[in-house]
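Heads up: the structure comes next, in structure tokens.
The values are calculated or read from the model by the stated rules, or taken from the named source; none is laboratory data. The structure displayed is predicted, hence computed values, not measured ones. With ideal geometry, Cβ positions are generated from the backbone for all residues, glycine too; neighbour counts draw on all protein chains shown. Side chains included, ligands, DNA and RNA excluded: accessible areas come from the protein's heavy atoms. Shrake-Rupley method; radii C 1.70, N 1.55, O 1.52, S 1.80 Å.
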Amino acid sequence: MKPTLSIILLLLAVGLPSASAQDEKSASGTTAGLAKIDITPRVPVRMIGYASRDYEGEPAENKLFARALAIGDEAGQLGALMITADLLGIPKSLSDRVFERIERKLGISRKKFAISATHTHGGPALSDYMQEMHFCKILPAGEKQHIDEYTAWLVDRLEQIAIQAAGSRQPANLRWGEGRAGFAMNRRVIENGTWKAMRPNPHGSVDQSVPVLTVTAADDDSKVLGVFLSYACHCTSYAPPNKGFHGDWAGAAARIIEKRHPGSHALIAAGCGADANPEPRTADAAPFIEKHGNELADQVDALLADSTRTFRLTAPPKCQTRTVQLPLAFQPDREELEGWVAGQDKRRAFYGQIWLDRIDLGEAVPTGFDYLIQTWRFPGENDRSLTSVFLPGEVVSGYSLRIKAELNNDSRRLWVIGYANESPCYITTAKEIAEGGYEVIQSMVSYDKPSSLAPETEDIIVGTVVELAGGKAEQGEE
Ligand SMILES: [Zn+2]
């Protein structure tokens, strides 16, 4: 970075920094700041995640949190800002509202800002996010008002931690490595190439890696300031009839890590785990939630204890975004929609009528939708690098497995994070689209999508990630 006039004038006024101060700063090359805030609803708000849980959430002992990690360079420039939150997903309008606030206060560009959800199914509903489509009924006006009020309050809270994290940056060592945890299991049972049921499938595709970014004080590596990790699994241990807001395994992992490292903040994101559930899943989930949380915390501690399993990131990332158009497989016509309305499937009947009404008002059934792909390329020690990839929606394991197979090598590591920035729908692979099933088609009603994705979706996303993360598109990076 070129020194700005104000920095030059400041140096002239106060003199050059002493040699020791310069050495201390260049030891890490990076600064980091972290913050955390309680986002548990203070008033009744409808929960979201299970369509069968048709009531407003109750206050509970368990808290929901959002956490922020700001990464800067040694000259004080803010390089990247990450927020994770105990929510089911991040609707685009929430992402946009938070970014507008942050841009105004911190002057950061969109490429450098990412926000992702843990996909806890014990979180509150949000404005512009499923609602009617999820529950297949029109919500009472009072409930909608609660959701809008909560969302507005949430935007304030997320702005607050972003600014707090950016303002608390200090010289820090960032290191990245990968552990493994065994509780994610594929949940798609396939017979003769066709989806049969949502049940544990120990032979199905799953990504059990635990990518971990550790943040320690530059002058004391034993002082853990924060951790940012992801795990590719649904956050669904805590199912109905359990009531009350809950962060599930992700909330437990963050709490346990923060307890083991007092003063630290632990950001947890969901990886490409849309076709995986935590196992075992039982009505009494509490002991398993703690077990999964401890398993992830153990992975963090193992990486902190053995620096040969991690490498140091030497500067803030080069950030890039690209919006691609994802195609839908088909566009139902009026006759088909009328068939849905007359059929036995209540969800399709509700949704079919919505589309018939829209067509009457002149709206065309969409052929596709915009999809934001974001990459952060961190340079690392010994010519190594890490690229974190942020993908919107419920991304299945096949994506991270294929992206890593195509791009991971001795000098470059890939880290793929789902449920990021926007919540369009499930993002399934070409193979899964051919098999059909819940993630491919039944779930699409919740996301206001009248069709499954077209099979070319997979190549469009992977091709774009390969281009951005492979370093072929450095132009436009910030
Ligand atoms: Zn899901």
Practice problem: From Arg104, Arg46, Arg42, Arg53, grab the single residue that is over 18 Å from the mean Cα position of the chain (by Cα) and within 16 Å of the ligand (Cβ to nearest atom). | Solution: Arg53
Exercise. Can you work out which of the residues in the stretch 109-125 that are open to solvent by 10 Å² or more (accessible area, probe 1.4 Å) and part of a loop (DSSP other than H, G, I, E, B) is farthest from the ligand (Cβ to nearest atom)?
Key: Ser109
Self-check item: Residue satisfying all of: in the stretch 177-233; aromatic (Phe, Trp, Tyr) and either more than 30 Å from Ala165 (Cα to Cα) or out of contact with any Leu (no Cβ under 8 Å at 6 or more places or on another chain) (or both); most open to solvent (accessible area, probe 1.4 Å) among these
Solution: Trp195
Quiz prompt | Filter result for the condition that a residue is modelled with pLDDT of 95 or more and not aliphatic (A, V, I, L, M), over Asp459, Asp410 | solution = Asp459
Quiz item: So which of Ala434, Ala454, Ala405, Ala430 is small (Gly, Ala, Ser), over 30 Å from Leu356 (Cα atoms) and surrounded by fewer than 19 Cβ atoms within 10 Å (Cβ to Cβ)?
Solution: Ala405
Quiz item: Of the conditions (1) within 16 Å of the ligand (Cβ to nearest atom); (2) of a type outside the set (A, V, I, L, M, F, W, C); (3) open to solvent by 10 Å² or more (accessible area, probe 1.4 Å); (4) at pLDDT 95 or above, Glu381 fails just one. Which one is it?
Solution: (1)
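Matching residues to (1) out of contact with any Phe, Trp or Tyr (no Cβ under 9 Å at 6 or more places or on another chain); (2) in a strand (DSSP E or B); (3) polar (S, T, N, Q):
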{"residue": "Gly142", "(1), (2), (3)": "yes, no, no"}
{"residue": "Ala162", "(1), (2), (3)": "no, no, no"}
{"residue": "Ala172", "(1), (2), (3)": "yes, yes, no"}
{"residue": "Gly177", "(1), (2), (3)": "no, yes, no"}
{"residue": "Met185", "(1), (2), (3)": "yes, yes, no"}
{"residue": "Val189", "(1), (2), (3)": "no, yes, no"}
